[in-house]
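One structure is given here, and the rest of the page talks about it.
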Amino acid sequence: MIKKLYYAALTYMILGLIAGVYYLEITKMTGFTGNTMPSVLHTHLLTLGMFFFLIVILLEKAFTLSKSKFMAFFWVYNIGVAWTIGMMVVHGTMTVMKMTVGDAVSGIAGMGHIILAVGLILFFICLKERLFGSEEK
């Protein structure tokens, strides 16, 4: 499990660095100077991905989170992050290219946030189970 968490953190670090370059290049190429989603892609990927999974590695080492329903959290959370980031790329690119961003894009992005929230809830359920056991005292 530690290896899987390490590779998740590494992947998000690489994507975060690529996102920073993407933002700089797309805004330079189009001459765009306003606020746009690609400006925060870099920080979202590093925070929700790399830093989060580096912390989860430490928690796994300390509390063996993988002895709980950890894989459900892992996959739901990653799907939520990927969905959310993907929609940030779509929305931001459309904004930079001066395309109309419809309500459907916002609705689909909202689904990513909901999936991400479910993943975080599953994480705290796993953490609570490993910290306090399965029965509430």
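Which of the helices in the chain, when you take each full DSSP H run, stretch at least 30 Å along the axis at their Cα atoms and have an average Kyte-Doolittle score of -1.0 or higher? Before the final figure, lay out each step's value.
Values: long enough: 2-30 (42 Å, 0.89); 70-96 (38 Å, 1.35); 103-132 (43 Å, 1.57).
Taking the DSSP H segments of the chain (at least 30 Å long, mean hydropathy at least -1.0), we get 2-30, 70-96, 103-132.
Cross-link partners for Lys28 among the lysines, with Cα-Cα distance under 21 Å and sequence neighbours closer than 8 places in the same chain left out: Lys98. Measuring max minus min along each principal axis, the C-alpha atoms of the chain give extents of 57, 29, 19 Å (largest first).
The value of relative contact order for the range 2-132, using C-alpha pairs under 8 Å at least six residues apart, is 30 percent. Fully extending the segment from Ile55 to Ala117, taken as 0.36 nm per residue of separation minus the present Cα-Cα distance, adds 20.6 nm.
The label-point distance for Ser106 and Lys69, in a model that sets each label 7 Å from Cα toward Cβ, rounds to 3.3 nm. Counting other Cβ atoms within 10 Å as a rough exposure proxy, the listed residues His113, His42 run His113, His42 from fewest neighbours to most. Given the convex hull over the Cα atoms of the range 18-68, what projected area results after averaging over all orientations, in nm²? So the mean shadow area of the Cα hull is 4.3 nm².
Put the Cα centre of the range 20-49 next to the Cα centre of the range 58-122 and the gap is 18 Å.
Computed from the coordinates by the stated procedures, all read-outs in this text should not be read as laboratory data. These numbers come from a predicted model, not from an experiment. No Cβ is skipped: glycine too gets one built from the backbone with ideal geometry, and neighbour counts run over all protein chains shown.
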